[in-house]
Amino acid sequence: MPSRVPKIPRSGYALYYAQQKRAIFEEAGKWNNKKDGKRIGQAWKALSKEEQQPYEEEIAILREQKEANEEWYDDRLEAWRKERRERLAKEGAELDPTTRREKGLEPFCECGRCGPIDREAAMEGAGGWSMH
(Lines give C-alpha, C1' and ligand atoms only; values in the text may rest on other atoms or scores of the structure.)
Protein backbone atom coordinates (compact mmCIF):
# COMPACT_ATOMS: atom_id res chain seq x y z
CA MET A 1 0.00 0.00 0.00
CA PRO A 2 1.46 3.39 -0.92
CA SER A 3 2.21 5.75 1.96
CA ARG A 4 0.00 8.77 2.54
CA VAL A 5 0.85 12.26 1.31
CA PRO A 6 2.48 14.34 4.07
CA LYS A 7 0.53 17.26 5.48
CA ILE A 8 1.61 20.84 4.85
CA PRO A 9 1.13 24.01 6.94
CA ARG A 10 -2.25 25.64 6.36
CA SER A 11 -1.04 29.19 5.75
CA GLY A 12 1.94 31.47 5.41
CA TYR A 13 1.54 32.34 9.07
CA ALA A 14 1.81 28.67 10.08
CA LEU A 15 5.01 28.38 8.07
CA TYR A 16 6.38 31.55 9.69
CA TYR A 17 5.31 30.31 13.13
CA ALA A 18 7.13 26.99 12.71
CA GLN A 19 10.28 28.72 11.51
CA GLN A 20 10.26 31.23 14.37
CA LYS A 21 9.44 28.57 16.96
CA ARG A 22 12.45 26.53 15.85
CA ALA A 23 14.69 29.64 16.02
CA ILE A 24 13.45 30.61 19.51
CA PHE A 25 13.90 27.07 20.83
CA GLU A 26 17.43 26.81 19.41
CA GLU A 27 18.33 30.20 20.90
CA ALA A 28 16.72 29.83 24.35
CA GLY A 29 16.79 26.05 24.72
CA LYS A 30 13.15 26.03 25.82
CA TRP A 31 9.72 26.99 24.53
CA ASN A 32 6.89 28.71 26.38
CA ASN A 33 3.78 28.23 24.27
CA LYS A 34 1.84 31.13 25.76
CA LYS A 35 4.59 33.74 25.92
CA ASP A 36 6.56 32.81 22.83
CA GLY A 37 3.44 32.07 20.77
CA LYS A 38 2.10 35.55 21.49
CA ARG A 39 5.45 37.05 20.56
CA ILE A 40 5.45 35.27 17.21
CA GLY A 41 1.85 36.34 16.51
CA GLN A 42 2.69 39.96 17.23
CA ALA A 43 5.80 39.76 15.05
CA TRP A 44 3.70 38.36 12.16
CA LYS A 45 1.16 41.16 12.47
CA ALA A 46 4.00 43.69 12.47
CA LEU A 47 5.32 42.36 9.15
CA SER A 48 4.24 44.26 6.05
CA LYS A 49 2.41 42.48 3.22
CA GLU A 50 5.67 42.46 1.23
CA GLU A 51 7.50 40.75 4.12
CA GLN A 52 4.71 38.17 4.45
CA GLN A 53 4.65 37.52 0.70
CA PRO A 54 7.54 34.96 0.59
CA TYR A 55 5.72 32.77 3.12
CA GLU A 56 2.47 32.98 1.15
CA GLU A 57 4.31 32.13 -2.08
CA GLU A 58 5.98 29.12 -0.46
CA ILE A 59 2.61 27.86 0.78
CA ALA A 60 1.19 28.20 -2.74
CA ILE A 61 4.06 26.08 -4.08
CA LEU A 62 3.59 23.49 -1.32
CA ARG A 63 -0.14 23.29 -2.08
CA GLU A 64 0.53 22.64 -5.77
CA GLN A 65 3.05 19.94 -4.86
CA LYS A 66 0.61 18.37 -2.42
CA GLU A 67 -2.18 18.27 -5.02
CA ALA A 68 0.15 16.56 -7.49
CA ASN A 69 1.26 14.11 -4.80
CA GLU A 70 -2.36 13.37 -3.88
CA GLU A 71 -3.18 12.58 -7.51
CA TRP A 72 -0.17 10.25 -7.65
CA TYR A 73 -1.20 8.65 -4.34
CA ASP A 74 -4.80 8.14 -5.51
CA ASP A 75 -3.57 6.49 -8.72
CA ARG A 76 -1.16 4.23 -6.81
CA LEU A 77 -3.80 3.34 -4.22
CA GLU A 78 -6.32 2.44 -6.91
CA ALA A 79 -3.73 0.25 -8.65
CA TRP A 80 -2.76 -1.36 -5.32
CA ARG A 81 -6.41 -2.16 -4.51
CA LYS A 82 -6.95 -3.65 -7.96
CA GLU A 83 -3.79 -5.79 -7.68
CA ARG A 84 -4.83 -6.92 -4.19
CA ARG A 85 -8.34 -7.84 -5.31
CA GLU A 86 -6.94 -9.77 -8.31
CA ARG A 87 -4.39 -11.57 -6.14
CA LEU A 88 -7.00 -12.56 -3.57
CA ALA A 89 -9.39 -13.72 -6.30
CA LYS A 90 -6.60 -15.84 -7.76
CA GLU A 91 -5.98 -17.36 -4.30
CA GLY A 92 -9.67 -18.13 -3.96
CA ALA A 93 -10.26 -15.73 -1.05
CA GLU A 94 -13.71 -14.36 -0.26
CA LEU A 95 -14.30 -11.03 -2.04
CA ASP A 96 -17.85 -10.13 -0.96
CA PRO A 97 -17.61 -7.30 1.64
CA THR A 98 -20.57 -8.53 3.70
CA THR A 99 -19.27 -12.08 3.88
CA ARG A 100 -15.78 -10.83 4.71
CA ARG A 101 -17.22 -8.75 7.57
CA GLU A 102 -19.18 -11.74 8.90
CA LYS A 103 -16.00 -13.84 8.87
CA GLY A 104 -14.07 -11.10 10.69
CA LEU A 105 -11.89 -10.29 7.68
CA GLU A 106 -10.94 -6.79 6.62
CA PRO A 107 -13.59 -5.55 4.18
CA PHE A 108 -12.81 -4.09 0.78
CA CYS A 109 -13.82 -0.51 0.38
CA GLU A 110 -13.37 1.60 -2.71
CA CYS A 111 -15.28 4.67 -1.62
CA GLY A 112 -12.22 6.95 -1.54
CA ARG A 113 -12.88 8.08 2.04
CA CYS A 114 -11.38 5.05 3.69
CA GLY A 115 -7.75 5.03 4.63
CA PRO A 116 -5.66 2.49 6.46
CA ILE A 117 -7.71 0.76 9.11
CA ASP A 118 -6.49 0.70 12.71
CA ARG A 119 -7.45 -2.92 13.40
CA GLU A 120 -7.32 -2.67 17.20
CA ALA A 121 -9.47 0.48 17.32
CA ALA A 122 -11.96 -0.97 14.84
CA MET A 123 -12.30 -4.21 16.79
CA GLU A 124 -12.68 -2.41 20.14
CA GLY A 125 -15.02 0.33 18.88
CA ALA A 126 -17.99 -1.54 17.43
CA GLY A 127 -17.11 -5.14 18.13
CA GLY A 128 -16.00 -5.60 14.53
CA TRP A 129 -15.60 -3.72 11.30
CA SER A 130 -17.77 -0.69 10.88
CA MET A 131 -19.73 0.26 7.82
CA HIS A 132 -20.38 3.79 6.65
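Just a few scattered comments:
- Just so you know, the Rg over Rh for region 1-51 is 1.11, from Cα atoms, with Rh as the Kirkwood radius.
- Chymotrypsin sites (Phe, Trp or Tyr not before Pro) lying in DSSP loop within region 1-80, provided at most 14 other Cβ fall within 10 Å: Trp31
- For region 24-83, applying the loop criterion from DSSP together with a ceiling of 10 other beta carbons within 10 Å to the trypsin sites (Lys or Arg not before Pro) yields Lys30.
- Accessible area of region 1-113 belonging to carbon and sulfur atoms, whole % at 1.4 Å probe: 48 percent
- Length added when fully stretched, Val5-Lys30, from 0.36 nm per residue minus Cα-Cα: 5.9 nm
- The Kirkwood hydrodynamic radius of region 1-103, based on inverse pair distances between different Cα atoms, is 17.7 Å.
- Potential lengthening between Thr99 and Lys21 on full extension [0.36 nm per residue; Cα-Cα distance subtracted]: 22.9 nm
The values are calculated or read from the model by the stated rules, or taken from the named source; none is laboratory data. Keep in mind it's a predicted model, so treat the numbers as computed, not measured. Quick reminder, even Gly has a Cβ in these numbers, built from the backbone with ideal geometry, and neighbours come from all protein chains shown. Each accessible area value is taken on the protein alone, full model and side chains, heavy atoms only, with ligands, DNA and RNA left out. Shrake-Rupley method; radii C 1.70, N 1.55, O 1.52, S 1.80 Å.
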